[in-house]
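Enquirer: To start, I am sharing the structure in question, which I have written as structure tokens.
The values are calculated or read from the model by the stated rules, or taken from the named source; none is laboratory data. All of these numbers come straight from a predicted model, not from anything done at the bench. We place every Cβ from the backbone using ideal geometry, glycine too, and count neighbours over all the protein chains shown.
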Amino acid sequence: MLQRSAFSAKQYKAFAIIAISILIVALLFVLNHFMPMFADDYSYSFSFLTDERITSIRQILPSQMAHYHNVNGRIVTHTLAQFFLMIEKTTFDIVNSVATLALLFLIYFHACGTFRNFSLSRFSIIAMLLFLETPDFGQSYLWTTGAANYQYGILIVLCVMIPYRLQADGKDVFSSLFSGIFAAVVFFFLGILAGWTNENTSVAMIAMLIAYMILFHVRSMKIRAWNISCCIGAVIGCFLMLTAPGTAKRLSHLGGSGGIIMWCKNLIIHSTWLVVYAQSILLILMALVCVYLFQKRHLLTDLTPKKCLKILDGWGVFLIYLLGFLGSVYSMIVSPGFPERTWSGPIILLLIAVCNFSCLPDLSGISARVGKTIIIISLLLSFAGTYVHAFLELRYITNAFQERVAIIETSLENGDRDIEIPCIFGANTYCGYNAWGDLSLNSNEWPNVAIARYYDADSIIRVESSGEH
């Protein structure tokens with residue numbers, strides 16, 4: 001009888017996980033479906049080598065080689081962008097929704113190290129916090145070019161780091177001689193791939209890989225050859241990305257990477273944004289630390305090095321991902337810009353760190369369970385309201401986009417190749433579009449030129465609009 005009820009409980013939990021996964025994909029698909037083309041989507045629909053529309057995979061690599069020399073060094077993610085823009089939009093919407101679900105499971109895995117005793121509440125909190133706390137969810141996860149850069153980049157990084165996370169929990173998956181040699185070769189190239197994705201998350205990855213190896217050394221665990229080769233590969237990939245001729249050209253157009261004064265200014269600004277963008281997650285972390293220290297209060301009197309080690313016991317993985325979070329934020333002080341969409345990677349790493357730390361204090365008590373229930377209910381209410389607002393805004397954006405396409409097509413049919421169209425304004429960070437609009441008043445500026453080329457018009461002229469909707 002006990003076995004039967006336990007089996008039923010497992011079935012119920014499996015059903016609940018599947019149901020929540022389907023619900024998440026469905027909710028994401030709706031948002032993806034209503035996200036139209038925007039900004040770089042028009043430019044990346046064409047080859048950077050021949051200026052022809054991308055219609056086959058064979059065109060992408062030559063295009064990216066030209067892109068590497070003239071635009072920037074993110075070949076891996078921009079290869080994905082050009083591929084996604086080539087395929088049918090609904091197909092991308094499905095793939096992108098599933099990819100976000102996969103990212104949520106990766107966040108959970110890196111935080112907990114296993115899917116055994118899967119916590120639906122913890123997974124749900126991760127999903128809602130990612131949606132609510134990502135500063136520009138629309139451009140990071142829904143916009144095609146943005147998702148290729150800021151979702152798939154960190155997705156690749158976390159996939160490559162899976163064996164490190166397993167090894168931290170004593171699961172040495174490549175311990176034999178043959179598998180170790182094979183893994184050393186494979187992970188060298190995977191390291192290059194992951195290190196070549198995105199500037200700040202690549203720097204964070206290198207810092208985390210080094211921190212993992214320090215943790216292995218402290219715990220008297222063997223540092224494998226593949227641990228080192230993967231890290232070397234990541235350094236090479238990051239180097240190739242940062243030293244791309246296109247990156248140098250782009251930096252020169254933006255006034256360079258600045259100097260010490262600008263870096264100090266950015267240090268202060270990024271620290272402020274860190275608190276603003278991640279305030280809810282940081283508040284949860286502070287609460288968890290307080291609970292943990294309260295439970296360890298007997299060690300806080302007459303502190304000795306031995307007692308400090310006991311207090312910090314189990315903090316290794318938490319500190320690694322916290323380091324990754326800080327590294328991904330503060331590595332950007334040398335960059336002339338740090339757009340909100342770039343914060344998606346840091347938020348993910350902080351989520352992993354906080355979720356991992358939540359496993360340390362004993363939260364089985366009544367007060368802890370009540371606190372967790374309050375957090376979940378608050379997040380659910382906030383999520384529901386925010387999601388409806390995001391959906392309504394995206395639906396407006398789609399209608400405005402379709403009306404604009406109709407204007408362009410009608411004008412071209414009537415022989416008018418200098419086309420006047422309204423600007424599209426975004427009212428929140430879930431629609432992808434900016435509050436200042438997607439067109440320039442100057443028809444020779446790149447947004448207008450890119451749209452004109454996409455629709456084979458001579459010029460796109462912005463019609464004055466109040467921006468209200």
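Enquirer: If Glu199 satisfies all but one of (1) closer than 23 Å to Phe105 by Cα; (2) crowded, with 21+ Cβ neighbours inside 10 Å, what's the number of the condition it fails?
Expert: The single condition Glu199 does not satisfy is (1).
Enquirer: Follow-up. For the stretch 325-335, does any single residue satisfy the condition of being surrounded by 18 or more Cβ atoms within 10 Å (Cβ to Cβ) and closer than 20 Å to Phe105 by Cα?
Expert: Scanning the stretch 325-335 turns up at least one residue that is surrounded by 18 or more Cβ atoms within 10 Å (Cβ to Cβ) and closer than 20 Å to Phe105 by Cα.
Enquirer: Next question, about the same structure. Criterion first (of a type in the set (Val, Ile, Thr), closer than 19 Å to Ile348 by Cβ and out of contact with any Ser or Thr (no Cβ under 8 Å at 6 or more places or on another chain)) does Ile87 satisfy it?
Expert: When the stated conditions are applied, Ile87 does not pass them.
Enquirer: Continuing with this model, one more query. Scan the stretch 230-254 residue by residue and report those that are under 17 Å from Ser335 (Cβ atoms), assigned to a helix (DSSP H, G or I) and not basic (Lys, Arg). Give the derivation first.
Expert: We begin by selecting, within the stretch 230-254, every residue under 17 Å from Ser335 (Cβ atoms); these are 238-239, 241-244, 246-254.
Next, from what is left, pick out any that are assigned to a helix (DSSP H, G or I): 238-239, 241-242, 246-253.
Of everything in the stretch 230-254, those that are under 17 Å from Ser335 (Cβ atoms), assigned to a helix (DSSP H, G or I) and not basic (Lys, Arg) turn out to be Cys238, Phe239, Met241, Leu242, Gly246, Thr247, Ala248, Leu251, Ser252, His253.
Residues are listed down the side, and each one gets a yes or a no for (1) surrounded by 18 or more Cβ atoms within 10 Å (Cβ to Cβ); (2) in contact with an Asp or Glu (Cβ under 9 Å, 6 or more places away or on another chain):
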| residue | (1), (2) |
| --- | --- |
| Gly371 | no, no |
| His389 | no, no |
| Glu393 | yes, no |
| Phe401 | yes, no |
| Ile407 | no, yes |
| Ala427 | no, yes |
| Asn434 | no, no |
| Leu439 | yes, yes |
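Enquirer: If the Cβ limit is 6 Å and pairs must be 6+ apart or interchain, which residue in the stretch 228-242 that is more than 25 Å from His67 (Cβ to Cβ) and in contact (Cβ under 8 Å) with a residue 60 or more places away in the chain pairs with which residue that is assigned to a helix (DSSP H, G or I) and of a type in the set (Phe, Trp, Tyr)?
Expert: Once the first residue is more than 25 Å from His67 (Cβ to Cβ) and in contact (Cβ under 8 Å) with a residue 60 or more places away in the chain and sits in the stretch 228-242, its partners that are assigned to a helix (DSSP H, G or I) and of a type in the set (Phe, Trp, Tyr) give Cys230/Phe187.
Enquirer: Residue under question is Thr272, and the condition is that it be more than 26 Å from Ile210 (Cα to Cα) and modelled with pLDDT of 90 or more; does it hold?
Expert: Spelling it out, Thr272 is indeed more than 26 Å from Ile210 (Cα to Cα) and modelled with pLDDT of 90 or more.
Enquirer: Right, here's the next one. Taking Met86, is it under 23 Å from the mean Cα position of the chain (by Cα) and either surrounded by 17 or more Cβ atoms within 10 Å (Cβ to Cβ) or farther than 17 Å from Gln151 by Cα (or both)?
Expert: yes
Enquirer: In the stretch 27-50, what count of residues is obtained for those that are touching a residue at least 60 places away in the same chain (Cβ under 8 Å) and either assigned to a loop (DSSP other than H, G, I, E, B) or farther than 17 Å from Ile451 by Cβ (or both)?
Expert: 15
Enquirer: So Ser179 passes all but one of these: (1) part of a helix (DSSP H, G or I); (2) touching a helix residue (DSSP H, G or I) at 6+ places or on another chain (Cβ under 6 Å). Which condition number does it fail?
Expert: If we test Ser179 against (1) part of a helix (DSSP H, G or I); (2) touching a helix residue (DSSP H, G or I) at 6+ places or on another chain (Cβ under 6 Å), just (2) comes out false.
Enquirer: Related question: Does Arg53 meet the test of being touching a helix residue (DSSP H, G or I) at 6+ places or on another chain (Cβ under 9 Å), closer than 30 Å to Ile352 by Cβ and basic (Lys, Arg)? Walk me through how you get there before you give the answer.
Expert: Values: touching a helix residue (DSSP H, G or I) at 6+ places or on another chain (Cβ under 9 Å): yes; closer than 30 Å to Ile352 by Cβ: no; basic (Lys, Arg): yes.
It is false that Arg53 is touching a helix residue (DSSP H, G or I) at 6+ places or on another chain (Cβ under 9 Å), closer than 30 Å to Ile352 by Cβ and basic (Lys, Arg).
Enquirer: If Phe318 passes every condition in (1) at pLDDT 85 or above; (2) under 30 Å from Gly195 (Cβ atoms); (3) not in a helix (DSSP H, G or I); (4) not aliphatic (A, V, I, L, M) but one, which one does it miss?
Expert: The one condition Phe318 does not meet is (3).
Enquirer: Identify the residue in the stretch 96-136 that is small (Gly, Ala, Ser) and assigned to a helix (DSSP H, G or I) and, among all such residues, is surrounded by the fewest Cβ atoms within 10 Å (Cβ to Cβ).
Expert: Selected residue: Ser121.
Enquirer: Part of a helix (DSSP H, G or I), hydroxyl-bearing (Ser, Thr, Tyr) and without any contact (Cβ under 8 Å) to a residue 12 or more places away in the chain: which single residue out of Thr145, Thr91, Thr79 fits that description?
Expert: Numbers: Thr145 fails: without any contact (Cβ under 8 Å) to a residue 12 or more places away in the chain; Thr79 fails: without any contact (Cβ under 8 Å) to a residue 12 or more places away in the chain.
Just a single option satisfies the conditions, and that option is Thr91.
Enquirer: Residue check, Met221 against (1) surrounded by fewer than 20 Cβ atoms within 10 Å (Cβ to Cβ); (2) outside any loop (DSSP other than H, G, I, E, B); (3) not small (Gly, Ala, Ser), all met but one. Which one?
Expert: Result: Met221 passes all but (2).
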